[in-house]
Amino acid sequence: MKKGFTLAEVLITLGIIGVVAALTLPSLIANYQKKQTVVKLKRFYTIMNQAIRLSEIDNGPAEDWIYPVLNDDYTSMRVFYDRYFANYIVSTKVKSCRLPETTVDWVCIYYFDGTAALMRNSNGIDILFYPNAKYINQNFSFNGRHRFAFNFNKANTGVSKIQQYQIEPYTHQWDGTRAGLIFHSGYGCRKGAYTIGNFCAKLIQYDGWEIKDDYPW
């Protein structure tokens, strides 16, 4: 007499597998997305600062570069980018683009790995990095998952009071503590209260380029 599973037993087993998959897959997917985001953030940070160092060989120290004078002026920002960055960064295209929540034209740089960066002059150069370029046209009330804030040549207030002549995560008004990166009223990396999450890239860097369990993913 041959033994085998009954149809009921097979269906029960499949049901259990389905329940387990439903419980574990979201966590696995989220962990994968977090790791990929960190990899792209760190690579962007490295590539951009390498570009600055290479540009300094040809164009002199970054502190002596000719920076845009007018804020939010696309033309002068594009001239600056073309002069000091374009020859040292591999990109698929560079063009003007505008975020849904602003009326400002940014210099938008698209990279081969599907990421993108937006640059504008605002008393120093603000940079938004997108791990996935498809999110550029979406409106966000919170930065920290689909876009991250960096800056360059910006005299921050708070713990960073000197001009930054390399690209660093946004730290305007940061008090130097991890708690300050989370709970700052305007830029803290958290959801809920009034915040745009500009400190999220810095929080990831502060934690050793890792997204910790308390990160607001």
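The values are calculated or read from the model by the stated rules, or taken from the named source; none is laboratory data. This structure is a prediction, so every number in the text was calculated from the model and none was measured. A quick note on method: Cβ atoms are made from the backbone with ideal geometry, for glycine too, and the neighbour counts reach across all protein chains shown.
List of remarks:
- Cβ pairs under 6 Å, 6+ apart, first in the range 176-190 and without any contact (Cβ under 8 Å) to a residue 12 or more places away in the chain, second among the hydroxyl-bearing types (S, T, Y) and assigned to a loop (DSSP other than H, G, I, E, B): G188/T195
- Test result for T92, touching a strand residue (DSSP E or B) at 6+ places or on another chain (Cβ under 8 Å) and polar (S, T, N, Q): yes
- Check on Y84, touching a Phe, Trp or Tyr at 6+ places or on another chain (Cβ under 7 Å), hydroxyl-bearing (S, T, Y) and over 23 Å from Q205 (Cα atoms): yes
- Exactly one residue out of G197, G188, G192 is loosely packed, with under 15 Cβ neighbours inside 10 Å and not hydrophobic (A, V, I, L, M, F, W, C): that is G192.
- Answer residue from the range 45-92, given it is among the small types (G, A, S) and free of Cβ contacts under 8 Å to residues at least 24 places away in the same chain and is nearest to N121 (Cα to Cα) among those: A86
- Within the range 144-169, the set of residues being modelled with pLDDT of 90 or more, closer than 19 Å to T195 by Cβ and not aromatic (F, W, Y) comprises G144, R145, H146, R147, A149, N151, P169.
- When the range 98-137 is limited to residues that are under 27 Å from N59 (Cα atoms) and exposed (fewer than 15 other Cβ atoms within 10 Å of the Cβ), the one that is modelled with the lowest pLDDT turns out to be N123.
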